[in-house]
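Single-structure report; data block below.
The values are calculated or read from the model by the stated rules, or taken from the named source; none is laboratory data. Quick caveat: nothing in here was measured; it's all calculated off a predicted structure. Cβ: placed from backbone, ideal geometry, glycine included. Neighbour counts: every protein chain shown. Surface areas here come from the heavy atoms of the whole protein model, side chains and all, with no ligands, DNA or RNA. Shrake-Rupley method; radii C 1.70, N 1.55, O 1.52, S 1.80 Å.
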Amino acid sequence: MRFSRRCLLGLEDLTAEEIEEILETAVPCKEIIQREVKKLPTLRGWTVATLFYEPSTRTRNSFELAAKWLGADTVNVTIATSSVQKGENFIDTAKTIQALGADFIVLRHSMAGAPWLLARTVDCRVINAGDGAHEHPTQALLDLFTLKERFSSLAGLKVVIVGDIMHSRVAKSNIYGLLKLGATVRVTGPPSLIPPGIERLGVQVVNDLREAVQDADVINVLRIQLERQEKGLFPSLREYARLYGINREVLRIAPRDLVIMHPGPTNLGVEITEEAASDPRSVITTQVTNGVAVRMALLYLMSGGGKSGELLS
Ligand code: CP
């Protein structure tokens with residue numbers, strides 16, 4: 001087993017071999033979650049805590065299901081009803097969760113770098129479930145897994161990421177992961193939402209969406225963060241939808257076998273129309289399912305293979 005890290009904080013510092021091992025381990029996990037009876041004893045005796053300072057449907061619940069189906073106990077710390085409301089700070093909250101017996105803390109926080117601070121503070125295993133506009137490594141891993149199911153190898157694959165690249169942790173983690181696995185990455189969106197100098201990461205910037213998609217294999221559509229509009233970073237939702245929204249007309253320009261991805265939640269009618277999101281080429285629902293498989297793989301690997309060491313027992 002090559003992936004032996006205590007913490008998964010981002011994809012920037014993972015090797016291609018480590019990423020491949022997580023994706024390979026997710027293959028039997030996907031088989032498990034398609035069984036009628038999904039529960040395994042692999043992580044019996046382990047406790048996985050989710051600590052989310054921001055809302056989540058997919059990430060938090062898929063970690064909880066992944067842990068439960070591997071036989072672990074789970075605890076969800078809901079910030080709105082926790083002692084954070086009485087003034088307890090982040091570090092004390094984390095230490096309390098560790099003292100309660102957690103082996104893993106899965107953290108989502110609005111502050112970039114919070115998972116690194118947590119990893120230095122507690123001894124238990126830490127997984128970054130999204131930190132500010134920085135990284136969302138497990139989202140990128142599930143996106144990579146979804147692409148590998150379709151294409152088997154990502155080498156030479158042309159992936160277009162559309163939208164608010166500047167504030168998107170999904171975009172950053174996807175860029176790191178895709179480039180490490182040999183894909184080519186093109187980013188497109190309003191110029192005010194493309195970080196200056198992003199080409200230095202090894203991606204191509206194409207301002208015109210229609211030009212960007214014409215020979216693409218994959219389009220990954222980012223959620224437009226509505227709060228950005230209030231800051232005047234793009235003119236209006238209608239204008240955004242006209243220039244950068246994925247709709248029937250854009251899909252006509254793109255190759256017929258284009259794969260359409262979106263991390264969710266979607267703003268239907270803004271970054272993607274309902275018709276495009278439910279197009280047969282869309283894998284948005286598959287991404288959600290694959291999120292459970294990838295997070296199971298990660299918990300399994302980071303536990304050192306559980307107590308039995310057997311995933312398919
Ligand atoms: N994609 C994603 O992170 O979704 P949630 O915010 O629902 O977890």
If every Lys and Arg gets +1 and every Asp and Glu gets -1 at its Cβ, then about the Cα centre the chain yields a dipole, in debye to the nearest 20, of 380 debye
Sorted list, accessible surface of protein heavy atoms, 1.4 Å probe, largest first, for VAL77, VAL288 is VAL288, VAL77
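Per residue, how much accessible area does the chain show when a 1.4 Å probe rolls over the protein heavy atoms, in square angstrom?
Working: 13330 Å² over 313 residues.
That works out to 43 Å² for each residue.
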Going through LYS30/LYS172; LYS38/LYS95; LYS39/LYS158; LYS148/LYS172; LYS38/LYS148; LYS30/LYS180 one by one, the pairs whose alpha carbons sit over 30 Å apart turn out to be LYS38/LYS95; LYS39/LYS158
Expected field for MET296, accessible surface area in Å² at 1.4 Å probe radius, rounded to 10, holds 0 Å²
Computed ³J(HN,Hα) along region 190-195: with the Karplus parameters 6.51/-1.76/1.60, θ = phi - 60°, integer Hz and x for glycine or proline, the list is x, x, 6, 10, 10, x
So the pair-distance distribution of the chain, from every Cα-Cα distance in 20 Å bins, comes to percents of 34, 57, 10
Among region 260-289, those whose backbone N falls under 18 Å of a label point 7 Å along Cα→Cβ from ARG238 are 268-273
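How large is the helix-only mean residue ellipticity at 222 nm for the chain, computed as the sum of -39500 (n - 2.57) over DSSP H runs with n ≥ 4, divided by its residue count, in deg cm²/dmol to the nearest 500? Mind dumping the intermediate values first?
On the way: 12 runs with 122 residues, N = 313.
Computed mean residue ellipticity for the chain: -11500 deg cm²/dmol.
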Here, MET111 and ALA99, labelled 7 Å along Cα→Cβ, have an inter-label distance in nm of 1.9 nm
With all protein chains present and a 1.4 Å probe, the order of SER83, SER168 from largest accessible area down is SER83, SER168
Carbon/sulfur accessible area of the chain, % of total, 1.4 Å probe, equals 50 percent
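Over the Cα atoms of region 137-287, compute the convex hull volume and normalise it per residue, giving Å³.
Working: hull volume 14.5 nm³, N = 151.
So the per-residue Cα hull volume is 96 Å³.
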Rounded to whole angstrom, the alpha-carbon centroid of region 285-299 lies from that of region 40-104 at a distance of 17 Å
To the nearest 10 degrees, the tilt of helix 284-302 (Cα long axis) against the first principal axis of the alpha carbons of the chain is 40 degrees
